[in-house]
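Shown next, in structure tokens, is the structure this report addresses.
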Amino acid sequence: MLLASLIKKSLKRIKMLDCPRCEIELVTETKVEPNQSLEYHSCSLCEGIWVSKEVLNYLERIQEPVAIEILDIDKKLDQLIGLNCPSCGEDHLMKKAEHPRDERVIMDYCETCEGVWLDKGELRAIQQEGILTALAKLLGIK
Ligand SMILES: [Zn+2]
Ligand SMILES: [Zn+2]
């Protein structure tokens, strides 16, 4: 019983994540910081990035967080189609979050696990001070 639940737990931890757009497996990369190692996941096809709550929490501790505005956006553009959360699965449609200083940047945000999906170039498009700049630096995106 205990062993079964332990195995289940470790299986869940190494669960593969799929790109919400391309449905191929995301590549997991680890960034080692002084006090912890941070994991993020990227798609080799569309170059989107999935960032977990742990990474965002870490950045919030070292940076002034930028408020992420959650919007209910009409599906008027193809790029605004809803994406399912890579971590939570098919029944978890992510919310759209517009960056307060750049309305071209629409991020996908999961209310359940609090991860954030960034499409290619979204981090680059928002090079202002704040948590997303720190994230871009952390991931080595210039
Ligand atoms: Zn992709
Ligand atoms: Zn989620």
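Would you confirm, using the coordinates I've provided, whether Gln36 is polar (S, T, N, Q) and at pLDDT below 70? Here the answer is no, as Gln36 does not meet what is asked. Among the residues of the range 43-58, the ones that are part of a strand (DSSP E or B) and more than 9 Å from the chain's Cα centre (by Cα) come to 0 in all.
Per-residue answers, yes or no, for (1) more than 16 Å from ligand 1 (Cβ to nearest atom); (2) touching a helix residue (DSSP H, G or I) at 6+ places or on another chain (Cβ under 6 Å); (3) modelled with pLDDT under 80; (4) in a loop (DSSP other than H, G, I, E, B):
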| position | (1), (2), (3), (4) |
| --- | --- |
| Ser5 | yes, no, yes, no |
| Lys9 | yes, no, yes, no |
| Lys12 | yes, no, yes, no |
| Met16 | no, no, no, yes |
| Glu23 | no, no, no, yes |
| His41 | no, no, no, no |
| Glu60 | yes, no, yes, no |
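For Lys53, the requirement of being within 17 Å of Ala134 (Cα to Cα), within 16 Å of ligand 2 (Cβ to nearest atom) and at pLDDT 80 or above is met.
The values are calculated or read from the model by the stated rules, or taken from the named source; none is laboratory data. These numbers were taken from a predicted model, which means no experiment stands behind them. Glycine also receives a Cβ, built like all others from the backbone with ideal geometry; neighbour counts cover every protein chain displayed.
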